[in-house]
1. For the pair Leu66 and Arg45, how long in nm is the line joining their label points, each one 7 Å along Cα→Cβ?
2. Cβ neighbours within 10 Å, averaged per peptide: list 14-23, 55-64, 1-10 in order, most packed at the top.
3. Rolling a 1.4 angstrom probe over the protein chains, ignoring ligands and nucleic acids, what is the accessible area of Asp67 in square angstrom, nearest 10?
4. Treating only the Cβ atoms of Lys and Arg (+1) and Asp and Glu (-1) as charged, compute the dipole magnitude of the chain about its Cα centre; round to the nearest 20 debye.
5. Among (i) 17, 50, 28, 5; (ii) 22, 58, 19, 0; (iii) 21, 46, 29, 4, find the value of P(r) over Cα pairs in 10 Å bins from 0, in percent that was calculated from the structure presented, and write down its label.
Amino acid sequence: MMERGIIQVSNDGKNWETIENFEFGNLINDPTPRLHYFKKQVSARYIQIKATTIAGNKKTLAIAELDFWEK
């Protein structure tokens, strides 16, 4: 479970821009699905998510599902 991370976007898949950091909090005691709302509108062809903290100080993580909605 990804506790903290960085969201980056790119239009060419080579040059990445960090748009936001996020924190989901106490996932060990409350593993319910989390939502992150962007602070501003984002337009990009690619989205990259990098974990900076994995819950429980684990070395690996798995993501079951990611959804992105258009406004």
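The values are calculated or read from the model by the stated rules, or taken from the named source; none is laboratory data. From a predicted model like this one, the values you see are computed outputs, not experimental measurements. Ideal geometry is used to build each Cβ from the backbone, glycine not excepted, and the neighbour counts take in all protein chains shown. The accessibility values were calculated without ligands, DNA or RNA, using every heavy atom of the protein model including side chains. Shrake-Rupley method; radii C 1.70, N 1.55, O 1.52, S 1.80 Å.
1. Between Leu66 and Arg45, the simple spin-label model gives 1.7 nm.
2. So the order, starting with the most tightly packed, is 1-10, 14-23, 55-64.
3. Approximately 90 Å² for this residue.
4. In debye, rounded to 20, the chain gives about 180.
5. Read-out from the structure maps to (i).
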